[in-house]
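Some notes on the structure that comes next.
The values are calculated or read from the model by the stated rules, or taken from the named source; none is laboratory data. Treat the numbers as computed from the prediction; the structure is a model and nothing was measured. In this analysis, Cβ positions are derived from the backbone assuming ideal geometry, glycine residues included, and neighbour counts consider all displayed protein chains.
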C-alpha cells in the first residue's frame, strides 16, 4: 500500500535514505542557430551512466543553509518503507532561485527510489505539492534540472512547465558537472 504524506523536519534522516539516481541514456545537446541568437535542443543517445544527485542534496543540511519556515516536505511510503520524497521551498530570504519573489516557490528536490520509478509516485508527490503551493498563494513553481536528466525534463513538461531559462555556464566552477547545462522550468500554478 503506497501512501504520500506531508512531513516535517523530523523526517530528514529518513528522507535522505531515498536514493536520487538518474540513469542517463540520452541528454539534450544544444546547437546555436540564427547567427547565435537561437537555440535548438536535440535529444541524443550517450554512453549510459548513472548519476547520483543525492550527493548534492541532503535534507539534514537544509536548516544549516536556509530558513526553512516556509518549506514543505513530503514523503511516499510502501507500508513503512520510505520510497519517495519531495521538498518545495517557499518564501525564503537569500534563496537565489526565487530572485526575491514572494509569489513563487521552488521545487527544491524530488526523488523516487529506483525500484519504484514509473509507478506514478513522483506524480502523486507533485500533485500534493502543487495543491499546497496554490493554497499558500504561490503563482509559479520554479524547477531546476540539467540537460542530462531527460526523464525529469519529460516529467516537468508533462506537468505543464515551460523551459524559461538555459544557463550554459551555471556549473562551470564545478569539476564533476561543468559540461552540464542548467535548465530552469517555470510551472504556472494559476488555475
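When you scan region 117-191 for strands (runs of 3 or more DSSP E) that lie fully inside it, which ones turn up with 2 or more residues that are touching a helix residue (DSSP H, G or I) at 6+ places or on another chain (Cβ under 8 Å) and touching a residue at least 24 places away in the same chain (Cβ under 8 Å)? Full working, then the answer.
Details: elements: 140-146, 162-167, 182-188.
In region 117-191, 140-146, 182-188 are the strands (runs of 3 or more DSSP E) which contain 2 or more residues that are touching a helix residue (DSSP H, G or I) at 6+ places or on another chain (Cβ under 8 Å) and touching a residue at least 24 places away in the same chain (Cβ under 8 Å).
Test residue 60 against the stated conditions and say whether it is exposed (fewer than 15 other Cβ atoms within 10 Å of the Cβ), over 20 Å from residue 123 (Cα atoms), modelled with pLDDT of 90 or more and under 21 Å from the mean Cα position of the chain (by Cα). Break it down stepwise before answering.
On the way: exposed (fewer than 15 other Cβ atoms within 10 Å of the Cβ): yes; over 20 Å from residue 123 (Cα atoms): yes; modelled with pLDDT of 90 or more: yes; under 21 Å from the mean Cα position of the chain (by Cα): yes.
Taking the combined requirement at face value, the residue satisfies it.
Testing residue 100 on (1) buried (at least 20 other Cβ atoms within 10 Å of the Cβ); (2) within 30 Å of residue 37 (Cα to Cα), one condition comes back false. Which one is that?
(1)
Please go through region 20-36 and give me each residue that is in a strand (DSSP E or B) and within 25 Å of the chain's Cα centre (by Cα), ordered by number.
Keep residues of region 20-36 that are in a strand (DSSP E or B), which gives 21-33.
Within region 20-36, 21, 22, 23, 24, 25, 26, 27, 28, 29, 30, 31 meet the criteria.
Identify all residues within region 1-19 that are assigned to a helix (DSSP H, G or I) and either out of contact with any helix residue (DSSP H, G or I) (no Cβ under 9 Å at 6 or more places or on another chain) or under 12 Å from residue 76 (Cα atoms) (or both); write none if there are none.
10, 11, 14, 15
Residues of region 113-125 being under 25 Å from residue 164 (Cα atoms) and surrounded by 15 or more Cβ atoms within 10 Å (Cβ to Cβ), which ones? Steps first, please.
Taking region 113-125 first, the residues under 25 Å from residue 164 (Cα atoms) are 122-125.
Residues satisfying the conditions are 122, 124, 125.
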